[in-house]
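A quick write-up on the structure given underneath.
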Amino acid sequence: MGDLIENKDRTLRVDGLVNGRDLGGLRRADGTVTPRGVFFRSENVDWITGNGWQQIYDAGIRTVIDLRQQRERDMDTKERPSWLTTIHVDLDGLENKEFWADYWDNGLVGTALYFLPHLAAMPERAGAAISAVVNAPTGGVLFHCMGGRDRTGLLAMALLHAIGTDPECIVDDYLETVRLGDMRAASGNRNNVEPRLEELCRQHGTTTEGAFRDALEKFDLQAFLDAAELTDKDLKGLFTWRGATVTTPAPKPTTPQLPESASR
């Protein structure tokens with residue numbers, strides 16, 4: 001991956017985080033790289049220490065987009081600095097019980113196998129997350145869930161795909177969280193669920209990496225954007241990463257047991 005990534009060390013060094021990183025510095029199809037300092041991803045920011053918030057500030061981040069359910073947010077215990085804007089967008093949408101019946105209790109919610117079905121069933125959820133990210137106040141934007149793995153991974157996939165990031169770089173960004181499984185588990189004082197998720201994927205004829213690759217390969221960005229009904233302002237912010245780059249949108253087609261929540 002060294003020839004595809006401008007700077008392999010994209011780590012967001014913040015006390016309390018082990019899975020934070022900049023989405024900038026990844027190779028794009030046009031030979032440029034994704035802009036740095038625009039979008040960041042991480043696990044639960046409630047684990048950030050006082051010094052960590054200063055590091056967040058020094059990184060230029062001014063907004064946090066929280067993709068968790070309200071019940072997860074209710075478990076937070078720490079105060080956040082006054083300069084920070086926090087926006088909550090529940091990506092899951094558990095009220096859609098018919099959808100989650102196929103992905104919740106069987107553990108598939110902890111894998112990329114649910115990505116495309118979720119985008120098809122509830123495009124407005126990811127659409128709202130994208131809108132929040134691209135229309136956030138001035139400054140860097142950090143989005144997160146609990147473990148920074150799948151809800152965060154789904155949104156990162158869409159953001160990176162929208163500006164033509166090399167697919168191998170998108171895959172590697174997702175797998176970086178998987179590679180950090182032991183560190184994430186130790187940080188949260190829990191077991192590493194990655195082996196269990198890998199076995200679950202194998203039971204469904206694929207692997208952790210294969211499930212994500214398949215989701216990325218089959219992700220129809222234009223169909224999703226149409227279904228999500230994003231505004232022109234949203235689309236401009238998405239395809240330019242808040243004005244940090246230039247991307248020409250693709251033409252519209254003529255045809256159109258549960259893993260611990262902290263692992264996600």
Checklist outcome for this item: If we keep only residues of segment 231-264 that are hydrophobic (A, V, I, L, M, F, W, C), open to solvent by 30 Å² or more (accessible area, probe 1.4 Å) and over 17 Å from Pro137 (Cα atoms), then the residue modelled with the lowest pLDDT is Leu258
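Residue-wise test of (1) closer than 30 Å to Trp53 by Cα; (2) within 15 Å of the chain's Cα centre (by Cα); (3) of a type in the set (Phe, Trp, Tyr).
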{"position": "Leu91", "(1), (2), (3)": "yes, yes, no"}
{"position": "Asn96", "(1), (2), (3)": "no, no, no"}
{"position": "Gly110", "(1), (2), (3)": "yes, yes, no"}
{"position": "Phe143", "(1), (2), (3)": "yes, yes, yes"}
{"position": "Met157", "(1), (2), (3)": "yes, yes, no"}
{"position": "Ile170", "(1), (2), (3)": "yes, yes, no"}
{"position": "Tyr174", "(1), (2), (3)": "yes, yes, yes"}
Checklist entry - For Phe212, all conditions in the list (1) open to solvent by less than 10 Å² (accessible area, probe 1.4 Å); (2) touching a Phe, Trp or Tyr at 6+ places or on another chain (Cβ under 8 Å); (3) farther than 21 Å from Ala121 by Cβ hold save one; what is the number of the exception? => result (3)
Checklist entry - What is the number of the single condition among (1) in contact with a His (Cβ under 8 Å, 6 or more places away or on another chain); (2) on the phi > 0 side of the Ramachandran plot that Leu216 does not meet? => result (2)
Checklist entry - Being buried (at least 24 other Cβ atoms within 10 Å of the Cβ) and not in a helix (DSSP H, G or I), is that true of even one residue in segment 94-107? => result no
Next on the checklist: Yes or no: segment 194-216 includes at least one residue that is among the hydrophobic types (A, V, I, L, M, F, W, C), touching a Pro at 6+ places or on another chain (Cβ under 7 Å), more than 26 Å from Arg73 (Cβ to Cβ) and not in a loop (DSSP other than H, G, I, E, B).
Outcome noted: yes
Next on the checklist: Can you report the number of residues in segment 34-63 which are part of a strand (DSSP E or B) and open to solvent by less than 40 Å² (accessible area, probe 1.4 Å)?
Outcome noted: 6
Checklist entry - Would you call Arg190 open to solvent by less than 30 Å² (accessible area, probe 1.4 Å), out of contact with any strand residue (DSSP E or B) (no Cβ under 8 Å at 6 or more places or on another chain), of a type in the set (Lys, Arg) and not in a helix (DSSP H, G or I)? => result no
Checklist entry - Can you name the condition, by its number, that Asp66 falls short on among (1) open to solvent by less than 10 Å² (accessible area, probe 1.4 Å); (2) closer than 30 Å to Gly243 by Cβ; (3) out of contact with any His (no Cβ under 7 Å at 6 or more places or on another chain)? => result (3)
Next on the checklist: Cβ contacts < 7 Å: first residue at pLDDT 95 or above, restricted to segment 129-150; second residue in a strand (DSSP E or B) and among the basic types (Lys, Arg), any location; separation 6+ or different chain. Result?
Outcome noted: Pro137/Arg62; Thr138/Arg62; Gly139/Arg62; Gly140/Arg62; Phe143/Arg41; His144/Arg41; Gly148/Arg41
Item to check | Among (1) within 15 Å of the chain's Cα centre (by Cα); (2) in a loop (DSSP other than H, G, I, E, B), the one test that Ile130 misses | outcome: (2)
Next on the checklist: Restricting to segment 1-46, name every residue that is among the charged types (D, E, K, R), modelled with pLDDT of 95 or more and closer than 18 Å to Gly60 by Cβ.
Outcome noted: Arg10, Arg13, Asp15, Arg21, Asp22, Arg36, Arg41
Checklist entry - For the subset of segment 135-184 comprising residues that are of a type in the set (Val, Ile, Thr) and farther than 15 Å from Gly24 by Cα, which member is surrounded by the fewest Cβ atoms within 10 Å (Cβ to Cβ)? => result Thr138
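The values are calculated or read from the model by the stated rules, or taken from the named source; none is laboratory data. Owing to the predicted nature of the structure, the values given are computational and were not obtained by experimental measurement. Methodologically, a virtual Cβ is constructed for each residue, glycine included, from the backbone with ideal geometry; neighbour enumeration extends over all protein chains shown. In case anyone asks, the SASA skips ligands and DNA or RNA and just uses the protein heavy atoms, side chains included. Shrake-Rupley method; radii C 1.70, N 1.55, O 1.52, S 1.80 Å.
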